Amino acid sequence: MPVQSKICRGAAVLGASAVGLGFVVPQASPSAARAAASTASASPASPAFSPSTGIASCAVAGAVSFAAARRAGARSTRARSSTNARAQRVALFARGGEEDTRVCIPLEELRNTDVDKVGGKSASLGEMISQLSDVGVPVPGGFSTTAFAYKEFLDKGGINDFINNQLSDDTIYTDVNKLMEVGKAIRDKIMDTPFQQDFEAELKEQWSRVSGGDDKFTFAVRSSATAEDLPDASFAGQQETFLNVMGYEDLKQKVHLVFASLFTDRAISYRHDRGFEHEKVQLCATCQKMVRSETGSAGVMFSLDTESGFKDVVFVTAAWGLGETVVGGTVNPDEWYVFKPTLAEGKNSVVSRTMGSKLVKMIYKEGGGSEVVDTSEEEQNKWSASDEEVKALAEMAVKIEKHYGRPMDIEWARDGDDGKLYIVQARPETVASQKKVGVIEEYKMLEKGGEKVAEGRAVGKRIGSGKVNILTSIDQMAEFEKGQVLVADMTDPDWEPIMKKAGAIITNRGGRTCHAAIIARELGIPAIVGCGDATDKVKKGDAVTVSCAEGDTGYIYKGELKFEKNVQDLGDLPEIGLKIMMNVGNPETAFSFGQLPNEGIGLARLEFVINNAIGVHPKALLNYDTLDAETKGLIDERMRGYDGPKDFYIKKIAEGIATLAASVYPKRIIVRLSDFKSNEYKSLIGGEQYEPDEENPMIGFRGCGRYTDPFFEECFAMELEAVKIARGEMGLKNVEIMIPFVRTLDMAKDVNEVLEKNGLKRGEDGLKVQMMAELPSNVFLAEEFLEYFDGFSIGSNDLTQLTLGLDRDSGFGDPHQGCQGQGQVCWHLWSGPF
C-alpha cells in the first residue's frame, strides 16, 4: 500500500495552540485521527463542519493537545516534547510541503497557496472558508481530492504513457475530427482504469465525514485543475461539473468522470492554445455540499464591469434554479450593476437593472442529477433576486476582491430552504482586469444605416464580419471554416476548438457572464448572446457584420460593412490648465468613457435615456388604464419587473442618471432635463395621442416651456422625482441639472418655483442648476438670467439657427454658410456680455 494512504488516514488533527489550525500529525492510527478530529470539532479552535448545514466555520480559541493525540494512540515521546523545529516540519507537511502525500483534504484545511496540491477551485474555496467566513462570506464546506492522488492514478496501468502517445500528434490541434478521436480514446482509457484501493477508502471516509453517512445528502462535484482560475487564464468550463450527487457510489463515479474530463476536446485545445503543457496540469475533484438553489436562484457576479473593465461596480447576474443555466449560457439572466462607493455608504447602490427572459431553469432530478424545465410566466416576469439580495451579494464580492487583491469572477446561490446566500466559487477575472491602463481600443462602423437583422447582449467592444455558418450540434464542428460567423442556439466550452476560428459568434441564448462569453472575451472575438431568434433571422452563407461597439446592445447587420479599428496609447498625459468635461448621454457607454482622462460630464441629455431605456410617452404611462390593448401590450413588455407605469418611468430615468453619475463619481455631471420636440415625443409609444402637429417643432412646445405648462406638469414631476432619487436615496450628490430653451426671465423664475415645489431647490443640499444658453435673449440678458441659474452651457447649434434664421432639420439653405457663421455668431454674441 502506498505511503500516503497510511499517513492520510493515520493522522490526528492538532489545534491552534499546539501547531496550528488544521495541522496533521503523522504516525497516529485512523481511529486516533477520528478521535482527534472529533475533539477538534468540539473545540472552539478547530474548523468545524456540520453535515446538516454543510457549512464550514473556524473559531478562535482552544486546541487539541498532544496528550489527546497520545490518548488516541500516538505513542511517540518525541511528539510530547516536540521542539519548535519539529512543529515547523509538521506544519510544512500539513500545509502540503513537498512531503504532503494525502489523497483527500477537507476544504477548511486548505489555503490559496495550495493550488499545486488541490487545484485553483478547491484552494480558493478553502481560502474563503478559513479567512472570510467570519466577515460574512458563507461558503459550503466539503473536501477535495489531491493532485498527488491524480498523478498516482495515472501512473497505474500505464495511463500516462498512453496519454503522451495520443497527444504526440500535433495535427490534432488543426483537425477537429482527430481531436475528437484522441480525446475520446484518452477519456475511455481513464474510465476503464479503476481507482487504487487506498484512494477509494479515503474518498469514502471523507464522504461519510461530510454527509454523516446519509445517502440522500447532496454534493456538487466540480473539477479543480492545478492550472485553472489563474489571473491570466480562467479555464472556465473546460472540465466537468456534476450536481445533485447522492450516495458514495454516485460520488465515486462522478469523481472518476471529473478526472477523465481533463481530456475533453475543449480542455485539450484550450491548454494547447494558451501554452500549458498537458503533463504539467493535474486535476482534482472538489466535493462540496450542494446549496438547494433549485427552489431558489443562483448566478454569477464580477467585481468589475466585464465589458469596459470599470472597477467601481459589481456586475451581478441571476436566474431561477441551479446556477449552471447562467454559467452554461442556456438562459438569459437578470442583470444588475451595484456602485461600490455608495454601497459602502449604505445607500441604494443598485444603479442599473435589466430583466432577462429566464425561459428555463435547472432543478434536481428525482434519484440524483439535474434536468432543465420551463419556467412559469410569473417567474419570467419577476426578478430572480431582490435589490437587498443583490446588494448583499455585492458586499460579499467586495470583501472577496479586497482579500484577493484583484477583480474576481464569483458564483453564488440562494438556498430555497433557508433563504440564505452562499458563495460556491471564486476565481480571478482574466480579461477586463488584464487590459493595459491608458490604452484605448476603439472599433467604429464606417457605413451607417445598415439593415439590422437581429440584436442581443454585446460581449466585448469589437466588430467582426463574415459568412454565416449555423451549427445545431457540436458534431458539426468539422464543417466550420476559419473566419466564418458562428451562429447557434447556444454555445458552451465544448465549442472552444471552433470558437477560436470564428470571425464572430451569435447565439439565441446566454448572458454576458456565461462560460462561452468568458471564452469569447479571452479569445478577443466579438460575440452577441441572448438574441432569441438569431438562428431564424440569418441564413447559412449570408454575409453579416457583428457589432459590439455600440453599447450593451449588440447588432447584427446585413452584409459585410466597413468598419475601422483604432488603438491609442495615452501614456502619461501632462496636466493642462483647462478642465475638460465630456458629452455623454448613453448610460451603456458611460463606464468606458468614464475611464478616459476627464473632469466629469458637462452634458448628459436625458432624452437619450427616455428614448432608449423607456421608449414610451410619459402621458401614455400616466393614462395607462385608458389605452388600447395593443399599446398596453407594448408597454407591458418594456416595464416587466417594475411596480406599474409610473414606477417604471421614474426608476428607469433614475437608473440612467445614476449610471452616468457613477462613471465619473465624485466629479460633476450636468444632466440636461428632457428636451424632446413635439415630433420626437410623437415617435414614442402612445405619443400620437398627446402631441400637437407643429410646422416648426424646433421653436415650438419644448424645453422649459413644457416644464411650466399644466399639460406637462405631472410628466415633469416624474422626471424630477428620478433626479431626487439619484441624488438622495442613491447618494450621487455629484448630479447637477440643466434647463434647456429658457425663452424669458419669467420662465426662468417659474421653472425654479417648479423645481422647489418638487423638492429640488437650487443651492439646497449642494444642488446647482445650470441653463442651456441657446437663444439670443439668453445672451443679451445673461446677467439677469444668472440670478436664477448657477451657470450657462452654450447650445451653439440652436443659437446659430435662431440668430441666422436657419433650420437644421430643413433640406434647404446653405449648410456651409451655417457652419461658417456658427463660430462668428458665438464669438460676437458672447464677447459683448462677457
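No value in this document is a laboratory result; all are computed from the given coordinates. In this text the structure is predicted, and so the values were computed from the model without any measurement. Please note: Cβ atoms are built from the backbone with ideal geometry, for glycine as well, and neighbour counts cover all protein chains shown.
For this structure, a couple of remarks:
- Tensor-based shape of the stretch 582-794 (alpha-carbon gyration tensor, a/c under 1.5 rounded, otherwise prolate or oblate): oblate
- Overall form of the stretch 530-669 per C-alpha gyration tensor (a/c, 1.5; a/b vs b/c): oblate
- Percentage relative contact order, the stretch 103-290, counting C-alpha pairs under 8 Å, at least six apart: 29
- Amide H contacts for G321 (H built 1.01 Å from N in the peptide plane; partners 5 or more residues away or on another chain; cut-off under 5 Å): G296, S297, A298.
- Sites matching chymotrypsin sites (Phe, Trp or Tyr not before Pro) across the stretch 200-229 that sit in DSSP coil, with at most 15 neighbouring C-beta atoms within 10 Å: none
- Nearby aspartates and glutamates by direct alpha-carbon distance to K537 (threshold 18 angstrom, same-chain neighbours under 8 apart not counted): E451, E455, D489, E560
- Cα Rg over Rh - the stretch 316-373, Kirkwood: 1.16
- Rounded to the nearest Hz, the phi-derived 3J(HN,Hα) couplings of the stretch 326-342 under the Karplus curve 6.51 cos²θ - 1.76 cosθ + 1.60 (θ = phi - 60°) are 6, 5, x, x, 8, 9, 8, x, 6, 9, 9, 10, 10, 8, 4, x, 7, where x marks glycine and proline.
- Cα shape, the stretch 293-434, gyration tensor, a/c 1.5 rule: prolate
- Per-residue Karplus couplings for the stretch 411-421, computed as 6.51 cos²θ - 1.76 cosθ + 1.60 with θ equal to phi - 60°, are listed in order as 9, 9, 8, 10, 6, x, 7, 9, x, 8, 9 Hz, Gly and Pro entered as x.
- Loop trypsin sites (Lys or Arg not before Pro), the stretch 136-186, which have at most 12 other Cβ atoms in a 10 Å radius of their Cβ (DSSP): none
- Evaluated over the stretch 543-686, the count of Lys pairs having alpha-carbon atoms less than 14 Å apart is 5 (only pairs 8 or more residues apart or interchain).
- Loop-located GluC sites (Glu not before Pro) in the stretch 629-724 (DSSP state other than H, G, I, E, B) with a sparse environment of at most 12 neighbouring Cβ atoms within 10 Å: E695.
- F792 long-range amide H proximity, modeled H, under 5 Å: M771
- Working ranking of peptides 732-740, 128-136 by packing, defined as the average number of other Cβ atoms within 10 Å per residue, highest first, is 732-740, 128-136.
- Charge dipole of the stretch 346-393 (Cα centre as origin; +1 on each Lys and Arg Cβ, -1 on each Asp and Glu Cβ, all else neutral): 300 debye, rounded to the nearest 20.
- Extended-chain gain in nm, criterion 0.36 nm per residue less alpha-carbon gap, E441 and K184: 88.5 nm
- Dipole in debye (nearest 20) - the stretch 293-434, about Cα centre, beta carbon charges: Lys, Arg +1; Asp, Glu -1: 540
- Taking 0.36 nm per residue of sequence separation and removing the Cα-Cα distance, the E200/R274 pair yields an extension gain of 23.3 nm.
- Nonlocal amide H pairs with G511, under 5 Å, H built at 1.01 Å: G329, V331
- Approximating the spin labels as points 7 Å out from Cα along Cα→Cβ, the D418-to-F162 distance works out to 4.3 nm.
- Among 645-652, 594-601, the order from most to least packed when residues are scored by Cβ within 10 Å on average: 645-652, 594-601
- In sequence order, the stretch 444-454 has phi-based couplings of 9, 6, 8, 9, 9, x, x, 6, 7, 8, 7 Hz under the Karplus curve 6.51 cos²θ - 1.76 cosθ + 1.60, θ = phi - 60°, and Gly or Pro positions carry x.
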